[in-house]
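Laboratory data are not the source of any read-out in this text; all were calculated from the coordinates shown. Since this is a predicted model, take the numbers as computed values, not measurements. Don't worry about glycine lacking a Cβ; one is built from the backbone with ideal geometry, like all the others, and counts go over all protein chains shown.
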Amino acid sequence: MSSARKSHWQDRWHNHANRLLIIDVFQGVNVKSKNGVFTLLLVLILLFLVGCSSKQPVSTASSVLTPLEKALSSGKPTLAEFGRGTCIPCKEMEPILKGLAIEYKDRLNVEIVSVDTYRALTNRYGIMAIPTQIFFDSSGKEVTRHIGFYPEEEIITQLNKMGIE
C-alpha cells in the first residue's frame with residue numbers, strides 16, 4: 001500500500017476512533033477494543049433490564065389516582081405514613097395505624113404509602129427518612145409531619161389538636 005493510501009485510511013480510522021471516544025461515557029471502557037465494546041453493550045443491556053424490572057405502577061396517567069390522592073380529595077382529614085415493609089419501625093407502626101383506621105373510620109383516612117411502589121409521591125412530599133407520618137386537614141393541606149416511630153398516644157394527641165375526637 002502506498003504511504004498516501006495508508007495515511008488516508010489512518011486518518012479515517014483516527015476520525016472514527018475519535019467519534020467512538022465521544023460516545024464513551026463510561027470511564028475506563030475503551031470502545032476501540034472488542035472487550036470495550038462488549039463491556040459497553042453489557043452495561044447498556046443491564047441498565048435496560050434493571051429499568052424494565054421497576055416496581056412502579058405501569059400506568060402513570062394523571063387520571064389514575066393513588067389511594068393517598070383519593071383520600072386527600074375525600075373531604076376528611078388524612079394520616080399518611082410513608083414507609084417500607086422491611087423497615088422495623090414501619091412494621092411496628094402498621095398495627096397502630098390499622099387500629100386507628102378502624103377507630104376513626106368515619107372521621108379520618110389512614111393510608112400506608114409504600115415508598116417503593118409510589119416513588120413519585122415519595123418525591124413529591126420530600127420523604128427523606130422512613131417511616132414518615134404526614135397529617136393532612138380535610139382540604140388536603142399538610143398540617144404537620146413526624147419522622148420515626150410514633151406512639152399511638154402521641155398520634156391521638158395530634159389528632160385532637162386537629163379537632164378530630
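Report Rg/Rh for the stretch 67-161, rounded to two decimals, where Rg is the Cα radius of gyration and Rh the Kirkwood radius.
0.92
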In whole Hz, what ³J(HN,Hα) sequence does the stretch 153-165 give by Karplus (6.51, -1.76, 1.60; θ = phi - 60°), x for Gly and Pro? 4, 6, 5, 4, 4, 5, 4, 4, 4, 7, x, 9, 9
Compute the signed sum of charges (Lys and Arg +1, Asp and Glu -1) over the other residues within less than 13 Å, Cβ to Cβ, of LEU72. 0
Using 0.36 nm times the number of residues separating THR86 and GLU103, minus their current alpha carbon distance, what extension gain do you get? 3.5 nm
Once the other residues with Cβ under 14 Å from the Cβ of GLU92 are scored (Lys, Arg +1; Asp, Glu -1), what is the net sum? -1
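Using the Cβ atoms and a cut-off under 15 Å, what net charge is assigned to the surroundings of TYR150, where Lys and Arg are +1 and Asp and Glu are -1?
Values: positive: LYS91, LYS98, ARG145, LYS161; negative: GLU81, GLU92, GLU94, GLU111, GLU152, GLU153, GLU154.
Spelling it out: positives minus negatives among the neighbours equals -3.
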